[in-house]
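Written out below as structure tokens is the structure these notes cover.
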Amino acid sequence: MIQVTKRDGSKEPLDIEKLHKVVFHACDNITGVSPSEVEIKSQIQFYNGMTSKEIQETLIKASADLIDDENPNYQFVGGRLINYALRKEVYNDYTPFSVKELVERNIASGFYDAELLEQYSDEEWAKIDSFVKHDRDEALTYVAMEQLRGKYLCQNRVTGEIFETPQMCYVLIAATLFQNYPKDTRLSWVKDYYDAVSLHDISLPTPVMAGVRTPQRQFSSCVLIETDDSLDSINATASSIVKYVSQKAGIGIGGGNIRAIGSPIRRGDAFHTGIIPFYKHFQSATKSCSQGGVRGGAATIYYPVWHLEVEDMLVLKNNKGTEENRVRHMDYGVQFNKLMYERLISGGDITLFSPNDVPGLYEAFFADQDKFKELYERAERNTRLRKKSIKAIELFGSFMEERKNTGRIYLQNVDNANDHGSFLPDVAPIRQSNLCAEIDLPTKPLNDINDPDGEISLCTLSAINWGNIKSTGDFERVCRLAIRGLDALLSYQNYPILAAKLSTDKRRPLGVGIINFAYWLAKNDLTYQDITSEGLELIDEYAEAWSYYLIKASADLAVEQGAPSGNLETKYGHGITPNMTYKKDVDELVKHKERQDWKGLRKQLKATGIRNSTLMALMPAETSAQVANATNGIEPPRSLISVKQSKHGVLKQVVPEYKRLKNKYDLLWDQKSPEGYLKIMAVLQKYIDQGISINTSYNPTFSEDEKIPMSTMLQHLLMFYKYGGKQLYYFNTYDGQGEVDVSKMMDEPLEQTVVDDDDCESCVI
């Protein structure tokens, strides 16, 4: 007889009937699953003296092991078994506490914000309790529940003890965000927002999911920090990085204005050590904090392609040199503009300069393209300046080679980012992007950590689940909720650095993205690779409505709560919307139409402004997409059943509606070219005031000799620029690395992909 060790240390015989009951409940009303299969799979792992918690985890693992292409619904069995285990841990019973009781308990233990209890009356807490639909936890998948209990649910990350269940998390996020709304309306907003996030119409990022309702009050995913060419500014940048990395934010660093090695300093008293030692300094700052155990620090540094040290900077991430000559633990974004592409097309040279040697060049690179060209060509003619010329094709080739080999050398087209951005470039230029290359916000360097004249930009994220959208009219409600929730968050959170608070007060930037796009395509019988003009028109129609209702929601909020002081530094403040400033080359792909009341909206924007300077950003969405049982952001899935190798173990995720749509999904490595994907991104970018984390992916098996020609990569780069692309994120290459035969590993007949858990996790919402 197997003896089970209970929580109090006592032992009792294994209760088979109780086990039956738990497993049968987990399988109830789920097609294609068998309680006996779960039990058979698990019983061989039972042993004398095992704890009740170990039995629960054994059942969970057994159900997860049964997930395959023939039996995808075991993902829901696994989710229910985790839910049972969670409730026993949190409530010591299957029946949850009331919301107020849980709040009181977790405030007493220091894990919830003490102010939360003060904001609502007993009557209001009772109404909030009536909003909660705990049975929604029963619909969460295995991978969703694993991610929730591993990353999102409030817990002691030292002991692993968890203090809440998913629906409690969702309703308390809603209650926290809308606590300062008028008392006669706020409960309605709490209910609507709770329904939207718990039914996954809206997807929330890691800082919000893990932080809102706790004493932690920093929820912005992305932090953009610019450094100037001075020791004071460099040290202020490093200090700012440490502050924000410690609070779960990912960092984008504008690091291109630091002078090149060999530049004289102190009137010739010494030579400058160059840019690389300071990048090492930023790397150390980034890696100094582990972000509260949720994820490690991460940063991307941006610099112009014409910097005198660019040849050395391009290779910082590769593995060919010694560690002393490399700065491998950050990513890099190389900045281009029209003039650089013209030099490539004409077979010309790109001349490299140290920014300090050409006053005004670095600033004009972002703010004024005509002035940049004038200064740049004048500097080329100046024989007294230190410079170096290199064939454009060689420099672009080096960039593409490093991008291909490392996967994480990114690109920013600074003219596209400014011309088609939210801000007026002459007063608030975009000089960098963020960690994951979807944010475009103004920055100014700090001279010290308390500098009121500097500007650190934050972006706070969420996403709309297109998989839940049945018609364009559905966007109105969910966009309104997404904007109001994030805007309220900006007022609720704290700002550890003055420059960040002042900037946020001035601009109130947000970034609403998209998840489940591949599912939406599959539902509409569309593909990435062979996207038709009719397909692009449908995408255009939905993207237009999504964009329109986001802008309308912010404009209406400005009428109600006021526009920020930086309103007139935005194009919105002058009645200019993104579908007026996009690259008109996109009209080659889809005919321009205005189906919404843009005329009326522009009139409103001119009259009363906009509440939020930015509204859209298409970020990676790996983890939150898993919680929502959705496909990742706007990306094609790598496999119908993916296996994510994470620090929490092996997690299996099945694409939505696997049985019905499995032949409709356009898988990543089945695509012969990224051209269809890039065309879709161009249409989406037309309506977006910030950027898109766009990945380029290649399967060499479709190329001659299984090598991707440089000419092909450069062709796609030019195509991306032509259609208004702002930033490029990962370069993915299918080469068999990371692909395993899971059927041999787990004795399951699966077509699966293993994905490492080392993706950017700050914007990974």
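The values are calculated or read from the model by the stated rules, or taken from the named source; none is laboratory data. None of these values were measured; they are calculated from a predicted model. Reconstructed Cβ throughout: ideal geometry from the backbone, glycine too, with neighbour counts over all protein chains shown.
For region 66-119, residues that are touching a residue at least 24 places away in the same chain (Cβ under 8 Å), aliphatic (A, V, I, L, M), under 20 Å from Met209 (Cα atoms) and part of a helix (DSSP H, G or I) total 7. With respect to Gln167, determine if the residue is outside any loop (DSSP other than H, G, I, E, B), crowded, with 24+ Cβ neighbours inside 10 Å and polar (S, T, N, Q). Judged against the criteria, Gln167 is not a match. When region 196-228 is filtered for residues that are in a strand (DSSP E or B) and among the polar types (S, T, N, Q), the ones remaining, listed by number, are Ser203, Thr214.
If the condition is being assigned to a helix (DSSP H, G or I) and acidic (Asp, Glu), then region 10-43 contributes Glu17, Glu37, Glu39.
Considering each residue of region 468-479 in turn, none proves to be crowded, with 18+ Cβ neighbours inside 10 Å, under 21 Å from Val223 (Cα atoms), under 22 Å from the mean Cα position of the chain (by Cα) and not aromatic (Phe, Trp, Tyr).
Out of the residues in region 133-151 meeting the condition of being surrounded by fewer than 24 Cβ atoms within 10 Å (Cβ to Cβ) and over 15 Å from Tyr84 (Cα atoms), tell me which one is modelled with the highest pLDDT. Result: Lys133. In region 510-528, is there at least one residue being surrounded by 21 or more Cβ atoms within 10 Å (Cβ to Cβ), farther than 21 Å from Pro620 by Cα and touching a Pro at 6+ places or on another chain (Cβ under 8 Å)? No, the conditions are met nowhere in region 510-528. Scanning region 519-544 for residues that are part of a helix (DSSP H, G or I), of a type outside the set (Asp, Glu) and touching a helix residue (DSSP H, G or I) at 6+ places or on another chain (Cβ under 9 Å) gives Tyr519, Trp520, Leu521, Ala522, Lys523, Gly535, Leu536, Ile539, Tyr542, Ala543. The residue that is surrounded by the most Cβ atoms within 10 Å (Cβ to Cβ), among those in region 556-592 that are β-branched (Val, Ile, Thr) and in a helix (DSSP H, G or I), is Val586. Among the criteria (1) surrounded by fewer than 16 Cβ atoms within 10 Å (Cβ to Cβ); (2) in a helix (DSSP H, G or I), the one Phe396 does not fulfil is (1).
Every condition in (1) more than 27 Å from Lys191 (Cβ to Cβ); (2) assigned to a helix (DSSP H, G or I) is met by Gly467 except one, and the failing one is (1).
Taken together, the residues in region 259-278 that are surrounded by fewer than 16 Cβ atoms within 10 Å (Cβ to Cβ) and in contact with a strand residue (DSSP E or B) (Cβ under 6 Å, 6 or more places away or on another chain) amount to 1. If you filter region 598-638 down to residues that are under 15 Å from Ile692 (Cα atoms) and either without any contact (Cβ under 8 Å) to a residue 24 or more places away in the chain or among the polar types (S, T, N, Q) (or both), you find that the one that is surrounded by the most Cβ atoms within 10 Å (Cβ to Cβ) is Thr614.
When Gly296, Gly321 are checked against the criterion of being among the small types (Gly, Ala, Ser), closer than 30 Å to Gln155 by Cα and at pLDDT below 95, a single residue qualifies: Gly296.
Conditions tested, residue by residue: (1) touching a strand residue (DSSP E or B) at 6+ places or on another chain (Cβ under 9 Å); (2) surrounded by fewer than 22 Cβ atoms within 10 Å (Cβ to Cβ); (3) of a type in the set (A, V, I, L, M).
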residue	(1), (2), (3)
Lys41	no, yes, no
Gln45	no, yes, no
Glu54	yes, yes, no
Lys61	yes, yes, no
Ala64	yes, no, yes
Phe76	no, no, no
Arg80	no, no, no
Glu89	yes, yes, no
Tyr94	no, yes, no
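The residue list Ala500, Ala553 contains one member that is buried (at least 23 other Cβ atoms within 10 Å of the Cβ), outside any loop (DSSP other than H, G, I, E, B) and touching a Leu at 6+ places or on another chain (Cβ under 7 Å), which is Ala500.
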